[in-house]
1. Run through every distinct alpha carbon pair of the range 178-234 and return the Kirkwood hydrodynamic radius in angstroms, one decimal place.
2. In sequence order, what are the phi-derived ³J(HN,Hα) couplings for the range 162-178 according to the Karplus relation 6.51 cos²θ - 1.76 cosθ + 1.60 with θ = phi - 60°, rounded to whole Hz, with x for glycine and proline?
3. In deg cm²/dmol and to the nearest 500, what is the mean residue ellipticity at 222 nm of the chain if only DSSP H runs of at least 4 residues count, each as -39500 (n - 2.57), divided by the residue total?
4. Distance cut-off 29 Å, Cα to Cα: go down the list K147/K341; K57/K162; K24/K162; K151/K299; K57/K114 and report the pairs above it.
5. Each residue of the range 131-145 in turn: what ³J(HN,Hα) in whole Hz from Karplus with 6.51, -1.76, 1.60 and θ = phi - 60°, glycine and Pro shown as x?
6. State the extension gain, in nm to one decimal, for the chain segment bounded by E167 and S322, taking 0.36 nm per residue of separation less the distance between their alpha-carbons.
7. Within a Cβ distance under 9 Å of S181, other residues only, what is the Lys/Arg minus Asp/Glu net charge?
8. Calculated FRET efficiency, A314 and A119, Cβ-Cβ r, R0 35 Å, to nearest 0.05?
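The values are calculated or read from the model by the stated rules, or taken from the named source; none is laboratory data. Here the structure is a predicted model, which means the values were calculated and not measured. Cβ: placed from backbone, ideal geometry, glycine included. Neighbour counts: every protein chain shown. With ligands, DNA and RNA removed, areas are computed over all heavy atoms of the protein, side chains included. Shrake-Rupley method; radii C 1.70, N 1.55, O 1.52, S 1.80 Å.
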Amino acid sequence: MPETLNSDKAPLARDRHLFAPGRKAILSIDGGGIRGLVALGFLTRLESLLTDRAGAKVRLCDRFDLIGGTSTGAIVATALALGIPAAEIREFYLRMGPRVFRRPWLRMPGWQAKFDAQALRDEIFAVFDRRTLDSPDLQTGLGVMLKRIDKGGAWILTNNPKSQFWETPEDGSFIGNRHYSLANVVRASTAAPHYFDPQEISIVEGAPPAVFVDGGLTPHNDPALALLLTTILPGHRINWPLGVDRLTVVSIGTGSFRPIVTKKNWRRAGSIGIALRSLMQQIAENQALTLTLMSWLGKGGSPWPINSEIGDLADCEPPFGSLFRYFRYDVRLEADWLKEKLGVTLAPAELAQLRRFDDPGGMERLDEIGQKAAERQVLLADLAGCSLLGDESSALAPDDKKIEK
(Lines give C-alpha, C1' and ligand atoms only; values in the text may rest on other atoms or scores of the structure.)
Protein backbone atom coordinates (compact mmCIF):
# COMPACT_ATOMS: atom_id res chain seq x y z
CA MET A 1 0.00 0.00 0.00
CA PRO A 2 1.53 3.40 -0.96
CA GLU A 3 3.06 5.23 1.99
CA THR A 4 1.24 8.43 0.95
CA LEU A 5 -2.02 6.94 2.17
CA ASN A 6 -0.78 7.47 5.73
CA SER A 7 0.25 11.10 5.27
CA ASP A 8 -1.20 14.57 4.82
CA LYS A 9 0.07 14.44 1.24
CA ALA A 10 -2.21 11.61 0.12
CA PRO A 11 -3.57 12.46 -3.35
CA LEU A 12 -7.24 11.88 -2.51
CA ALA A 13 -9.25 13.77 0.09
CA ARG A 14 -10.75 10.42 1.14
CA ASP A 15 -7.31 9.05 2.03
CA ARG A 16 -6.27 12.14 3.95
CA HIS A 17 -9.41 11.84 6.05
CA LEU A 18 -9.00 8.11 6.67
CA PHE A 19 -5.26 7.80 7.16
CA ALA A 20 -3.61 11.14 7.95
CA PRO A 21 -2.69 11.68 11.62
CA GLY A 22 -4.72 13.94 13.89
CA ARG A 23 -8.05 13.96 15.65
CA LYS A 24 -10.90 12.19 13.90
CA ALA A 25 -14.69 12.49 13.71
CA ILE A 26 -17.43 10.06 12.66
CA LEU A 27 -20.91 11.05 11.49
CA SER A 28 -23.56 8.32 11.75
CA ILE A 29 -27.09 8.60 10.31
CA ASP A 30 -29.95 6.22 11.18
CA GLY A 31 -32.42 4.58 8.86
CA GLY A 32 -36.05 5.67 8.90
CA GLY A 33 -37.46 6.21 5.40
CA ILE A 34 -39.21 9.54 4.94
CA ARG A 35 -38.25 10.37 8.54
CA GLY A 36 -34.82 11.15 7.16
CA LEU A 37 -36.15 14.71 7.13
CA VAL A 38 -35.74 14.73 10.92
CA ALA A 39 -32.06 13.87 10.56
CA LEU A 40 -31.65 16.55 7.91
CA GLY A 41 -32.95 19.14 10.37
CA PHE A 42 -29.98 18.35 12.63
CA LEU A 43 -27.52 18.17 9.76
CA THR A 44 -28.50 21.50 8.21
CA ARG A 45 -28.30 23.15 11.63
CA LEU A 46 -24.84 21.71 12.30
CA GLU A 47 -23.55 22.70 8.87
CA SER A 48 -24.95 26.23 9.26
CA LEU A 49 -23.38 26.70 12.69
CA LEU A 50 -19.98 25.50 11.49
CA THR A 51 -20.19 27.83 8.48
CA ASP A 52 -21.09 30.82 10.66
CA ARG A 53 -18.24 30.10 13.04
CA ALA A 54 -15.69 29.67 10.25
CA GLY A 55 -16.83 32.76 8.36
CA ALA A 56 -16.70 30.68 5.17
CA LYS A 57 -18.70 27.85 3.68
CA VAL A 58 -18.18 24.55 5.50
CA ARG A 59 -19.57 21.23 4.33
CA LEU A 60 -19.85 18.27 6.65
CA CYS A 61 -17.45 16.25 4.49
CA ASP A 62 -14.83 18.87 5.37
CA ARG A 63 -15.04 18.16 9.09
CA PHE A 64 -15.98 14.47 9.32
CA ASP A 65 -13.47 11.77 8.45
CA LEU A 66 -16.01 8.98 8.09
CA ILE A 67 -19.69 9.47 7.24
CA GLY A 68 -21.99 6.45 7.26
CA GLY A 69 -25.63 5.54 7.22
CA THR A 70 -28.28 2.88 6.96
CA SER A 71 -31.20 2.86 4.51
CA THR A 72 -32.40 6.47 4.20
CA GLY A 73 -29.29 7.38 6.19
CA ALA A 74 -27.19 5.77 3.46
CA ILE A 75 -28.66 8.17 0.90
CA VAL A 76 -27.92 11.16 3.11
CA ALA A 77 -24.46 9.95 4.13
CA THR A 78 -23.37 9.28 0.55
CA ALA A 79 -24.61 12.66 -0.64
CA LEU A 80 -22.76 14.37 2.22
CA ALA A 81 -19.59 12.42 1.44
CA LEU A 82 -19.83 13.70 -2.14
CA GLY A 83 -19.77 17.24 -0.81
CA ILE A 84 -23.44 18.06 -1.33
CA PRO A 85 -24.63 20.61 1.25
CA ALA A 86 -27.15 19.31 3.79
CA ALA A 87 -29.66 22.02 2.84
CA GLU A 88 -29.70 20.76 -0.77
CA ILE A 89 -30.23 17.18 0.38
CA ARG A 90 -33.21 18.38 2.42
CA GLU A 91 -34.74 19.98 -0.69
CA PHE A 92 -34.08 16.77 -2.60
CA TYR A 93 -35.97 14.77 0.06
CA LEU A 94 -38.94 17.09 -0.06
CA ARG A 95 -39.16 16.51 -3.82
CA MET A 96 -38.32 12.80 -3.74
CA GLY A 97 -40.74 11.60 -1.05
CA PRO A 98 -44.03 11.90 -2.94
CA ARG A 99 -42.48 10.35 -6.07
CA VAL A 100 -40.95 7.31 -4.34
CA PHE A 101 -43.65 6.53 -1.77
CA ARG A 102 -46.48 6.42 -4.30
CA ARG A 103 -48.23 3.08 -4.49
CA PRO A 104 -49.11 1.91 -8.02
CA TRP A 105 -52.66 0.72 -8.54
CA LEU A 106 -51.77 -2.68 -10.00
CA ARG A 107 -49.87 -4.31 -7.16
CA MET A 108 -50.83 -7.39 -5.18
CA PRO A 109 -50.24 -7.05 -1.41
CA GLY A 110 -48.22 -9.96 -0.05
CA TRP A 111 -47.05 -10.99 -3.52
CA GLN A 112 -45.43 -7.77 -4.70
CA ALA A 113 -43.57 -4.99 -2.93
CA LYS A 114 -45.77 -2.10 -1.88
CA PHE A 115 -43.85 0.46 -3.97
CA ASP A 116 -42.12 0.43 -7.35
CA ALA A 117 -38.39 0.11 -6.68
CA GLN A 118 -37.64 1.66 -10.08
CA ALA A 119 -38.86 5.04 -8.85
CA LEU A 120 -36.43 4.88 -5.92
CA ARG A 121 -33.66 3.62 -8.17
CA ASP A 122 -34.20 6.51 -10.61
CA GLU A 123 -33.94 9.06 -7.80
CA ILE A 124 -30.75 7.49 -6.44
CA PHE A 125 -29.11 7.29 -9.87
CA ALA A 126 -30.03 10.90 -10.57
CA VAL A 127 -27.74 11.89 -7.69
CA PHE A 128 -24.98 9.27 -7.71
CA ASP A 129 -24.95 8.52 -11.45
CA ARG A 130 -22.36 5.93 -12.56
CA ARG A 131 -19.88 6.49 -9.74
CA THR A 132 -18.30 3.52 -7.99
CA LEU A 133 -17.31 3.04 -4.37
CA ASP A 134 -13.81 4.10 -5.46
CA SER A 135 -15.00 7.40 -6.93
CA PRO A 136 -12.56 10.27 -6.28
CA ASP A 137 -15.66 12.47 -5.93
CA LEU A 138 -16.15 10.98 -2.45
CA GLN A 139 -14.48 13.65 -0.37
CA THR A 140 -14.20 11.64 2.85
CA GLY A 141 -14.62 8.14 4.26
CA LEU A 142 -18.00 6.50 3.58
CA GLY A 143 -19.73 3.51 5.18
CA VAL A 144 -23.03 1.94 4.06
CA MET A 145 -24.94 -0.82 5.90
CA LEU A 146 -26.54 -3.67 3.91
CA LYS A 147 -28.13 -7.04 4.63
CA ARG A 148 -27.16 -9.90 2.33
CA ILE A 149 -30.13 -12.23 2.34
CA ASP A 150 -29.16 -15.02 -0.09
CA LYS A 151 -26.30 -16.22 2.11
CA GLY A 152 -26.98 -14.23 5.26
CA GLY A 153 -24.79 -11.58 6.81
CA ALA A 154 -24.61 -7.94 7.81
CA TRP A 155 -22.33 -6.05 5.44
CA ILE A 156 -20.69 -2.69 5.90
CA LEU A 157 -19.24 -1.47 2.62
CA THR A 158 -16.71 1.33 2.85
CA ASN A 159 -14.47 3.23 0.47
CA ASN A 160 -11.43 2.21 2.52
CA PRO A 161 -8.70 1.31 -0.01
CA LYS A 162 -6.88 -0.77 2.62
CA SER A 163 -9.87 -3.04 3.24
CA GLN A 164 -9.39 -6.74 2.61
CA PHE A 165 -11.82 -7.02 -0.29
CA TRP A 166 -11.04 -3.73 -2.03
CA GLU A 167 -9.09 -5.15 -4.99
CA THR A 168 -10.11 -7.94 -7.35
CA PRO A 169 -7.64 -10.81 -6.72
CA GLU A 170 -5.61 -12.33 -9.53
CA ASP A 171 -7.61 -15.56 -9.38
CA GLY A 172 -10.86 -13.62 -9.95
CA SER A 173 -12.52 -15.29 -6.97
CA PHE A 174 -14.51 -12.12 -6.31
CA ILE A 175 -15.02 -8.62 -7.67
CA GLY A 176 -13.22 -6.00 -5.58
CA ASN A 177 -15.45 -3.66 -3.61
CA ARG A 178 -13.90 -0.65 -5.33
CA HIS A 179 -15.78 -1.58 -8.52
CA TYR A 180 -19.26 -1.70 -6.97
CA SER A 181 -21.76 0.80 -8.29
CA LEU A 182 -22.27 3.47 -5.63
CA ALA A 183 -25.94 3.82 -6.60
CA ASN A 184 -26.49 0.05 -6.35
CA VAL A 185 -24.89 -0.06 -2.91
CA VAL A 186 -27.12 2.74 -1.65
CA ARG A 187 -30.19 1.23 -3.30
CA ALA A 188 -29.42 -2.11 -1.59
CA SER A 189 -29.29 -0.40 1.79
CA THR A 190 -32.79 1.01 1.21
CA ALA A 191 -34.44 -2.22 -0.01
CA ALA A 192 -36.90 -2.66 2.87
CA PRO A 193 -38.78 -5.98 2.44
CA HIS A 194 -42.51 -5.64 1.71
CA TYR A 195 -41.93 -2.01 0.69
CA PHE A 196 -39.29 -2.37 -2.07
CA ASP A 197 -37.84 -5.27 -4.06
CA PRO A 198 -34.35 -6.53 -3.10
CA GLN A 199 -31.28 -5.26 -4.93
CA GLU A 200 -28.85 -7.54 -6.74
CA ILE A 201 -25.09 -6.88 -6.85
CA SER A 202 -22.54 -8.99 -8.75
CA ILE A 203 -19.97 -10.36 -6.31
CA VAL A 204 -18.29 -13.02 -8.47
CA GLU A 205 -17.84 -12.67 -12.24
CA GLY A 206 -20.11 -15.11 -14.08
CA ALA A 207 -21.94 -16.25 -10.94
CA PRO A 208 -25.51 -15.35 -9.92
CA PRO A 209 -25.58 -11.93 -8.19
CA ALA A 210 -25.89 -11.59 -4.44
CA VAL A 211 -29.24 -10.38 -3.12
CA PHE A 212 -29.44 -7.55 -0.60
CA VAL A 213 -32.19 -6.00 1.50
CA ASP A 214 -32.42 -3.01 3.80
CA GLY A 215 -29.48 -2.44 6.15
CA GLY A 216 -31.96 -1.71 8.94
CA LEU A 217 -32.53 -5.48 9.17
CA THR A 218 -29.01 -5.88 10.53
CA PRO A 219 -28.22 -4.82 14.12
CA HIS A 220 -27.15 -1.47 12.67
CA ASN A 221 -30.17 0.67 11.83
CA ASP A 222 -28.27 3.06 14.09
CA PRO A 223 -24.84 2.44 12.50
CA ALA A 224 -22.75 4.34 15.05
CA LEU A 225 -21.25 1.28 16.74
CA ALA A 226 -20.53 -0.47 13.43
CA LEU A 227 -18.79 2.64 12.07
CA LEU A 228 -16.75 2.97 15.25
CA LEU A 229 -15.61 -0.66 15.03
CA THR A 230 -14.68 -0.15 11.38
CA THR A 231 -12.16 2.50 12.41
CA ILE A 232 -10.58 0.71 15.39
CA LEU A 233 -10.58 -3.07 14.75
CA PRO A 234 -7.29 -4.21 13.16
CA GLY A 235 -8.96 -6.21 10.39
CA HIS A 236 -10.29 -3.03 8.78
CA ARG A 237 -6.77 -1.50 8.64
CA ILE A 238 -7.77 2.05 9.54
CA ASN A 239 -6.59 1.91 13.16
CA TRP A 240 -7.65 5.24 14.59
CA PRO A 241 -6.53 5.92 18.17
CA LEU A 242 -9.17 6.16 20.88
CA GLY A 243 -9.62 8.89 23.49
CA VAL A 244 -12.05 11.70 24.25
CA ASP A 245 -9.46 14.15 22.95
CA ARG A 246 -8.85 12.15 19.76
CA LEU A 247 -12.18 10.80 18.46
CA THR A 248 -15.68 12.27 18.23
CA VAL A 249 -18.81 10.37 17.19
CA VAL A 250 -21.92 12.32 16.17
CA SER A 251 -25.00 10.12 15.80
CA ILE A 252 -28.15 11.45 14.11
CA GLY A 253 -31.56 9.84 14.58
CA THR A 254 -34.71 9.95 12.48
CA GLY A 255 -37.26 9.87 15.29
CA SER A 256 -37.52 7.03 17.81
CA PHE A 257 -40.52 5.47 19.51
CA ARG A 258 -41.57 2.15 21.03
CA PRO A 259 -43.61 0.17 18.48
CA ILE A 260 -46.48 -1.49 20.33
CA VAL A 261 -49.15 -3.92 19.17
CA THR A 262 -52.46 -3.94 21.00
CA LYS A 263 -54.53 -7.10 21.35
CA LYS A 264 -57.04 -5.68 18.90
CA ASN A 265 -54.30 -4.88 16.36
CA TRP A 266 -52.55 -8.21 16.46
CA ARG A 267 -55.77 -10.12 16.05
CA ARG A 268 -56.56 -8.14 12.91
CA ALA A 269 -53.00 -7.95 11.50
CA GLY A 270 -52.65 -11.52 10.29
CA SER A 271 -49.38 -13.46 10.17
CA ILE A 272 -47.69 -11.08 7.71
CA GLY A 273 -48.70 -8.07 9.77
CA ILE A 274 -47.38 -9.65 12.97
CA ALA A 275 -44.09 -10.48 11.23
CA LEU A 276 -43.67 -6.88 10.05
CA ARG A 277 -44.47 -5.47 13.49
CA SER A 278 -42.03 -7.88 15.09
CA LEU A 279 -39.30 -6.69 12.69
CA MET A 280 -40.05 -3.07 13.58
CA GLN A 281 -39.75 -3.92 17.27
CA GLN A 282 -36.47 -5.75 16.67
CA ILE A 283 -35.06 -2.71 14.85
CA ALA A 284 -36.05 -0.46 17.78
CA GLU A 285 -34.47 -2.87 20.27
CA ASN A 286 -31.24 -3.01 18.26
CA GLN A 287 -31.14 0.78 18.28
CA ALA A 288 -31.65 0.84 22.04
CA LEU A 289 -28.70 -1.52 22.50
CA THR A 290 -26.46 0.63 20.30
CA LEU A 291 -27.52 3.75 22.21
CA THR A 292 -26.74 2.01 25.50
CA LEU A 293 -23.25 0.93 24.44
CA MET A 294 -22.32 4.22 22.79
CA SER A 295 -23.61 6.24 25.76
CA TRP A 296 -21.61 4.09 28.17
CA LEU A 297 -18.37 4.01 26.15
CA GLY A 298 -18.49 7.67 25.10
CA LYS A 299 -18.68 10.97 26.93
CA GLY A 300 -20.25 14.33 26.10
CA GLY A 301 -23.47 15.88 24.92
CA SER A 302 -26.87 15.70 26.55
CA PRO A 303 -27.56 12.12 27.67
CA TRP A 304 -30.55 10.16 26.37
CA PRO A 305 -32.56 7.95 28.76
CA ILE A 306 -32.12 4.28 27.88
CA ASN A 307 -35.16 2.89 29.67
CA SER A 308 -37.01 3.21 32.96
CA GLU A 309 -34.60 0.86 34.72
CA ILE A 310 -31.23 2.15 33.51
CA GLY A 311 -32.13 5.82 33.12
CA ASP A 312 -29.39 7.77 31.35
CA LEU A 313 -25.67 7.02 31.61
CA ALA A 314 -24.39 10.55 32.15
CA ASP A 315 -22.58 9.62 35.38
CA CYS A 316 -21.68 6.06 34.41
CA GLU A 317 -18.16 5.68 33.02
CA PRO A 318 -16.57 2.34 32.11
CA PRO A 319 -13.70 1.21 34.38
CA PHE A 320 -11.18 1.78 31.59
CA GLY A 321 -12.39 5.35 30.98
CA SER A 322 -14.39 6.95 28.16
CA LEU A 323 -13.13 6.03 24.70
CA PHE A 324 -14.49 8.92 22.63
CA ARG A 325 -16.77 11.94 22.67
CA TYR A 326 -20.32 11.04 21.79
CA PHE A 327 -23.22 13.23 20.70
CA ARG A 328 -26.66 11.81 19.95
CA TYR A 329 -29.25 14.04 18.28
CA ASP A 330 -32.77 12.68 17.88
CA VAL A 331 -36.44 13.21 18.69
CA ARG A 332 -38.92 10.99 20.47
CA LEU A 333 -42.03 10.53 18.39
CA GLU A 334 -44.09 10.37 21.59
CA ALA A 335 -46.88 12.87 22.28
CA ASP A 336 -45.70 13.85 25.77
CA TRP A 337 -42.06 14.31 24.68
CA LEU A 338 -42.95 16.42 21.64
CA LYS A 339 -45.20 18.69 23.68
CA GLU A 340 -42.74 19.12 26.56
CA LYS A 341 -39.53 19.47 24.56
CA LEU A 342 -40.69 21.17 21.37
CA GLY A 343 -44.11 22.62 22.13
CA VAL A 344 -45.63 20.48 19.37
CA THR A 345 -49.09 19.04 20.02
CA LEU A 346 -50.23 16.19 17.79
CA ALA A 347 -53.48 14.27 17.54
CA PRO A 348 -53.07 10.48 17.80
CA ALA A 349 -53.77 9.99 14.09
CA GLU A 350 -51.14 12.58 13.12
CA LEU A 351 -48.55 11.02 15.43
CA ALA A 352 -49.25 7.60 13.91
CA GLN A 353 -48.71 9.09 10.45
CA LEU A 354 -45.33 10.55 11.41
CA ARG A 355 -44.15 7.20 12.74
CA ARG A 356 -44.74 5.50 9.40
CA PHE A 357 -41.59 5.76 7.32
CA ASP A 358 -43.50 5.41 4.02
CA ASP A 359 -46.13 8.16 4.32
CA PRO A 360 -45.14 11.41 2.55
CA GLY A 361 -48.22 13.12 4.00
CA GLY A 362 -46.26 13.82 7.19
CA MET A 363 -43.19 15.34 5.52
CA GLU A 364 -43.95 18.97 6.31
CA ARG A 365 -44.50 18.21 9.98
CA LEU A 366 -41.39 16.00 10.19
CA ASP A 367 -39.34 18.81 8.65
CA GLU A 368 -40.70 21.24 11.25
CA ILE A 369 -39.99 18.87 14.14
CA GLY A 370 -36.44 18.22 12.93
CA GLN A 371 -35.65 21.92 12.70
CA LYS A 372 -37.15 22.73 16.12
CA ALA A 373 -35.27 19.89 17.80
CA ALA A 374 -32.01 20.90 16.11
CA GLU A 375 -32.27 24.45 17.44
CA ARG A 376 -32.49 23.11 20.98
CA GLN A 377 -30.00 20.26 20.79
CA VAL A 378 -27.19 21.25 18.40
CA LEU A 379 -25.07 23.79 20.28
CA LEU A 380 -21.54 24.82 19.36
CA ALA A 381 -20.65 25.19 23.03
CA ASP A 382 -21.07 21.42 23.45
CA LEU A 383 -18.56 20.79 20.66
CA ALA A 384 -15.75 22.85 22.19
CA GLY A 385 -12.46 21.03 21.78
CA CYS A 386 -13.65 18.86 18.87
CA SER A 387 -11.94 18.90 15.49
CA LEU A 388 -15.40 19.71 14.08
CA LEU A 389 -14.85 23.33 14.98
CA GLY A 390 -11.90 23.58 12.65
CA ASP A 391 -8.98 22.97 14.95
CA GLU A 392 -6.69 20.35 13.47
CA SER A 393 -9.33 19.52 10.84
CA SER A 394 -8.46 18.75 7.25
CA ALA A 395 -10.80 21.48 6.00
CA LEU A 396 -10.77 20.20 2.43
CA ALA A 397 -12.76 22.33 0.01
CA PRO A 398 -13.05 21.15 -3.60
CA ASP A 399 -15.85 22.47 -5.77
CA ASP A 400 -19.34 21.89 -4.40
CA LYS A 401 -21.42 19.15 -5.93
CA LYS A 402 -25.08 19.85 -6.64
CA ILE A 403 -28.17 17.69 -6.68
CA GLU A 404 -29.86 18.06 -10.04
CA LYS A 405 -33.37 19.52 -9.84
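1. Numbers: mean 1/r = 0.0786 Å⁻¹.
Evaluated over the range 178-234, this radius sits at 12.7 Å.
2. After applying 6.51 cos²θ - 1.76 cosθ + 1.60, I find 9, 5, 4, 10, 5, 9, 6, x, 4, 7, x, 5, 7, 8, x, 4, 4 Hz.
3. On the way: 11 runs with 142 residues, N = 405.
Here the helix-only value at 222 nm equals -11000 deg cm²/dmol.
4. Working: K147/K341 35 Å; K57/K162 31 Å; K24/K162 18 Å; K151/K299 38 Å; K57/K114 41 Å.
Distance filter (> 29 Å) returns K147/K341; K57/K162; K151/K299; K57/K114.
5. 5, 10, 5, 9, 4, x, 5, 6, 7, 7, x, 9, x, 10, 8
6. On the way: separation 155, 0.36 × 155 = 55.80 nm, distance 3.57 nm.
Additional length available on full extension: 52.2 nm.
7. +3
8. Numbers: r = 44 Å, r/R0 = 1.25.
With a Förster radius of 35 Å, E is 0.20.
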